[in-house]
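The values are calculated or read from the model by the stated rules, or taken from the named source; none is laboratory data. Values in this document were obtained by computation on a predicted structure and should not be read as measured data. Glycine also receives a Cβ, built like all others from the backbone with ideal geometry; neighbour counts cover every protein chain displayed. Heavy atoms of the whole protein, side chains included, go into the accessibility calculation; ligands, DNA and RNA do not. Shrake-Rupley method; radii C 1.70, N 1.55, O 1.52, S 1.80 Å.
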Amino acid sequence: MSVPMTFVATMVSGGTGHIALNRPKALNALTREMVRAISTALAEWEHDDVVTRVLITSTSPRAFCAGGDIRTIRDEVVSGADFTRFFADEYEMNLTLAEYPKPVIALIDGVDMGGGLGISVHGSHRVASEKALFAMPETAIGFVSDVGATYFLARLPKNVGRLMGMTGARLGAGDALAVGLATHFCPSERIGELAESLLRGEDTAAALAAVAAEPPAAELPFDEIDTVFGGGSASEVLAAVEGAAGAWAEGVRTALQSACPTSVFVIYALLAQAVHRTLPQCLAEEAVVGARMIRRPDFAEGVRAVLIDKDRNPSFTPATFADVDDAAIAALVGP
């Protein structure tokens with residue numbers, strides 16, 4: 001059984017419901033139609049006794065999923081169209097994946113950013129290759145981590161979630177495995193073999209064991225990150241970053257130079273609150289705060305600088321961390 005969609009192909013083989021993300025030229029950036037296709041397949045398979053697990057793969061050699069189709073969302077914002085429909089559908093899909101009664105296995109063999117983590121991290125098995133790259137880069141475009149990321153970032157050890165959410169830091173397979181974003185490692189050259197095994201109906205654990213190999217070592221200095229990002233406010237964290245030493249800290253400072261100051265403060269606040277929230281509560285809060293952020297001029301400006309003109313020189317307001325107003329942040333994250 002095979003049901004091709006515009007940018008998503010679904011089929012069932014060997015008791016496995018297979019979702020193949022198939023928009024390689026755009027690194028599988030998610031459109032609303034793609035989200036709906038994934039949700040439709042999940043709904044059909046949930047009560048189908050033939051389907052015992054779900055497999056999510058990519059046809060792109062470069063990416064699992066680079067996130068949502070942010071350029072289209074910006075166009076809707078600029079034109080005054082209702083951009084919230086995409087997020088409502090996407091967040092419903094994220095929750096469905098997190099609560100799915102059958103194993104969901106994502107094979108991550110390339111870039112996995114933003115909305116891509118919403119498809120992969122909520123599943124039961126996140127299989128990363130040495131080409132995997134995990135990131136939540138939303139502060140660079142005047143937005144904040146969403147797709148339930150405030151929930152899972154807030155629960156990563158050593159304050160790595162704050163590092164990722166505030167700076168857009170990219171984690172390779174070794175670091176992702178160390179903090180739990182990834183659950184298994186498979187060499188890139190054997191990802192296809194693993195997918196074929198699962199689609200033949202082989203046992204999940206046995207198929208994973210057959211391709212098991214020594215994963216890359218973690219590279220981040222977790223104890224230092226824990227100290228630097230453990231501050232009781234965004235301002236404390238930023239001050240600690242300025243005083244930190246090492247190549248990793250220099251990379252963080254460079255990333256923060258082009259980040260939206262308001263976004264950095266807002267994601268800090270959301271992550272602090274998320275520790276006490278359930279995933280549905282986090283998704284609901286992300287929908288409210290995210291819509292407020294998108295309506296701010298910083299979002300359109302950030303997308304222009306990063307994805308349209310690609311000059312990497314956004315003009316955010318306020319332009320510096322020192323100029324961020326506590327009352328403005330409270331209004332963005334408040335009821």
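Starting from residues that are touching a residue at least 40 places away in the same chain (Cβ under 8 Å) and not in a helix (DSSP H, G or I), keep the ones in region 212-232 and report whichever is surrounded by the fewest Cβ atoms within 10 Å (Cβ to Cβ).
Ranking the candidates gives Ala217 first.
Go through region 296-335 residue by residue and tally those that are among the basic types (Lys, Arg) and surrounded by 12 or more Cβ atoms within 10 Å (Cβ to Cβ).
The initial filter retains those residues of region 296-335 that are among the basic types (Lys, Arg), namely 296, 304, 310, 312.
Filter again for surrounded by 12 or more Cβ atoms within 10 Å (Cβ to Cβ), leaving 296, 304.
Result for region 296-335: 2.
If a residue must be at pLDDT below 95, of a type in the set (A, V, I, L, M) and assigned to a strand (DSSP E or B), how many such residues does region 1-19 contain?
Within region 1-19, residues that are at pLDDT below 95, of a type in the set (A, V, I, L, M) and assigned to a strand (DSSP E or B) number 1.
Output yes when any residue across region 119-126 is among the β-branched types (Val, Ile, Thr), in contact with a Gly (Cβ under 9 Å, 6 or more places away or on another chain), under 22 Å from Pro314 (Cβ atoms) and part of a loop (DSSP other than H, G, I, E, B), and no when none is.
In the first step, residues of region 119-126 are kept if they are among the β-branched types (Val, Ile, Thr); the result is 119, 121.
Now drop any that are not in contact with a Gly (Cβ under 9 Å, 6 or more places away or on another chain), which leaves 121.
Next, from what is left, pick out any that are under 22 Å from Pro314 (Cβ atoms): none.
No: region 119-126 contains no residue that is among the β-branched types (Val, Ile, Thr), in contact with a Gly (Cβ under 9 Å, 6 or more places away or on another chain), under 22 Å from Pro314 (Cβ atoms) and part of a loop (DSSP other than H, G, I, E, B).
Anything in region 290-328 that is over 16 Å from Arg74 (Cβ atoms), in contact with a helix residue (DSSP H, G or I) (Cβ under 6 Å, 6 or more places away or on another chain) and in a helix (DSSP H, G or I)? List them, or say none.
Answer for region 290-328, where residues must be over 16 Å from Arg74 (Cβ atoms), in contact with a helix residue (DSSP H, G or I) (Cβ under 6 Å, 6 or more places away or on another chain) and in a helix (DSSP H, G or I): just Phe321.
Could you identify the single residue in Pro103, Pro157, Pro137 that is closer than 21 Å to Val179 by Cα, in contact with a His (Cβ under 7 Å, 6 or more places away or on another chain) and surrounded by fewer than 24 Cβ atoms within 10 Å (Cβ to Cβ)?
Working: Pro157 fails: in contact with a His (Cβ under 7 Å, 6 or more places away or on another chain); Pro137 fails: in contact with a His (Cβ under 7 Å, 6 or more places away or on another chain).
Just a single option satisfies the conditions, and that option is Pro103.
Among the numbered conditions (1) at positive phi; (2) within 18 Å of the chain's Cα centre (by Cα), tell me where Val266 comes up short.
Looking at each condition in turn, Val266 falls short on (1).
Mind checking which residues of region 106-130 are of a type outside the set (Asp, Glu), touching a helix residue (DSSP H, G or I) at 6+ places or on another chain (Cβ under 8 Å) and open to solvent by 30 Å² or more (accessible area, probe 1.4 Å)? Walk me through it before giving the result.
Step one: filter region 106-130 for residues of a type outside the set (Asp, Glu), giving 106-108, 110-111, 113-129.
Add one more test, that the residue is touching a helix residue (DSSP H, G or I) at 6+ places or on another chain (Cβ under 8 Å), and what stays is 106-108, 114-115, 117-119, 121-123, 125-129.
Across region 106-130, the qualifying residues are His125, Arg126.
Hey, can you tell me all the residues within region 46-80 that are assigned to a loop (DSSP other than H, G, I, E, B) and within 19 Å of the chain's Cα centre (by Cα)? Before you say what the answer is, go through the steps one by one.
Quick first cut of region 46-80, residues assigned to a loop (DSSP other than H, G, I, E, B) only: 47-52, 59-62, 66-67, 69, 80.
Correct list: Thr59, Ser60, Pro61, Arg62, Ala66, Gly67, Asp69.
Output the number of residues of region 27-45 satisfying the condition of being part of a helix (DSSP H, G or I), closer than 18 Å to Phe83 by Cβ and open to solvent by 10 Å² or more (accessible area, probe 1.4 Å). Step through it out loud before you land on a result.
Within region 27-45, the first condition is being part of a helix (DSSP H, G or I), and the residues that meet it are 32-45.
Now restrict to residues that are closer than 18 Å to Phe83 by Cβ: 32-36.
Those still in the list that are open to solvent by 10 Å² or more (accessible area, probe 1.4 Å) too: 32-33, 36.
Residues in region 27-45 being part of a helix (DSSP H, G or I), closer than 18 Å to Phe83 by Cβ and open to solvent by 10 Å² or more (accessible area, probe 1.4 Å): 3 in total.
Quick check on region 46-75: of everything there that is acidic (Asp, Glu) and closer than 30 Å to Phe299 by Cβ, which residue is most open to solvent (accessible area, probe 1.4 Å)? Can you show your working first?
We begin by selecting, within region 46-75, every residue acidic (Asp, Glu); these are 46, 48-49, 69, 75.
Going one step further and asking which of them are closer than 30 Å to Phe299 by Cβ, we end up with 69, 75.
Working: Asp69: 28, Asp75: 91 Å².
If we take residues in region 46-75 being acidic (Asp, Glu) and closer than 30 Å to Phe299 by Cβ, then Asp75 is most open to solvent (accessible area, probe 1.4 Å).
Criterion first (surrounded by 18 or more Cβ atoms within 10 Å (Cβ to Cβ), not in a loop (DSSP other than H, G, I, E, B) and not β-branched (Val, Ile, Thr)) does Gly174 satisfy it? Steps first, please.
Values: surrounded by 18 or more Cβ atoms within 10 Å (Cβ to Cβ): yes; not in a loop (DSSP other than H, G, I, E, B): yes; not β-branched (Val, Ile, Thr): yes.
Yes.
Can you pull out the residues in region 177-193 that are touching a helix residue (DSSP H, G or I) at 6+ places or on another chain (Cβ under 6 Å) and in a helix (DSSP H, G or I)?
Val179
Quick check on Ala328: is it of a type outside the set (Val, Ile, Thr), under 26 Å from Asp82 (Cβ atoms) and out of contact with any strand residue (DSSP E or B) (no Cβ under 8 Å at 6 or more places or on another chain)?
Details: of a type outside the set (Val, Ile, Thr): yes; under 26 Å from Asp82 (Cβ atoms): yes; out of contact with any strand residue (DSSP E or B) (no Cβ under 8 Å at 6 or more places or on another chain): yes.
Yes; evaluated as a whole, the condition is true for this residue.
Residues that are farther than 27 Å from Gly334 by Cβ and open to solvent by 40 Å² or more (accessible area, probe 1.4 Å): list the helices (runs of 4 or more DSSP H) wholly contained in region 233-286 that include at least 2 such residues. Even if it seems obvious, please write down each step before you answer.
On the way: elements: 234-243, 247-257, 261-274.
Per the criteria, 234-243, 247-257.
If you go through region 184-211, how many residues are open to solvent by 50 Å² or more (accessible area, probe 1.4 Å) and either over 23 Å from Ser13 (Cβ atoms) or modelled with pLDDT under 95 (or both)?
Applying the first criterion (open to solvent by 50 Å² or more (accessible area, probe 1.4 Å)) to region 184-211 yields 184, 189-190, 193, 196, 200, 202-203, 205-206, 209-210.
Narrowing further to those that are either over 23 Å from Ser13 (Cβ atoms) or modelled with pLDDT under 95 (or both): none.
Residues flagged as open to solvent by 50 Å² or more (accessible area, probe 1.4 Å) and either over 23 Å from Ser13 (Cβ atoms) or modelled with pLDDT under 95 (or both) within region 184-211 amount to 0.
Filtering region 81-140 down to residues that are of a type in the set (Asp, Glu) and farther than 17 Å from Arg36 by Cβ, which residue is nearest to the chain's Cα centre (by Cα)? Please lay out each step first, then the result.
Of region 81-140, the ones of a type in the set (Asp, Glu) are 82, 89-90, 92, 99, 109, 112, 130, 138.
Filter once more, so that each one left must be farther than 17 Å from Arg36 by Cβ: 99, 109, 112, 130, 138.
On the way: Glu99: 17, Asp109: 15, Asp112: 7, Glu130: 18, Glu138: 9 Å.
Only one residue tops the list, namely Asp112.
Consider only pairs whose beta carbons are under 7 Å apart and that are at least six residues apart or on different chains; among these, list those whose first residue lies in region 21-39 and is in contact (Cβ under 8 Å) with a residue 24 or more places away in the chain and of a type in the set (D, E, K, R) and whose second residue is open to solvent by 10 Å² or more (accessible area, probe 1.4 Å) and assigned to a helix (DSSP H, G or I).
Going by the 7 Å Cβ cut-off, the qualifying pairs are Arg32/Arg85; Arg32/Phe86; Arg32/Asp89; Arg36/Asp89.
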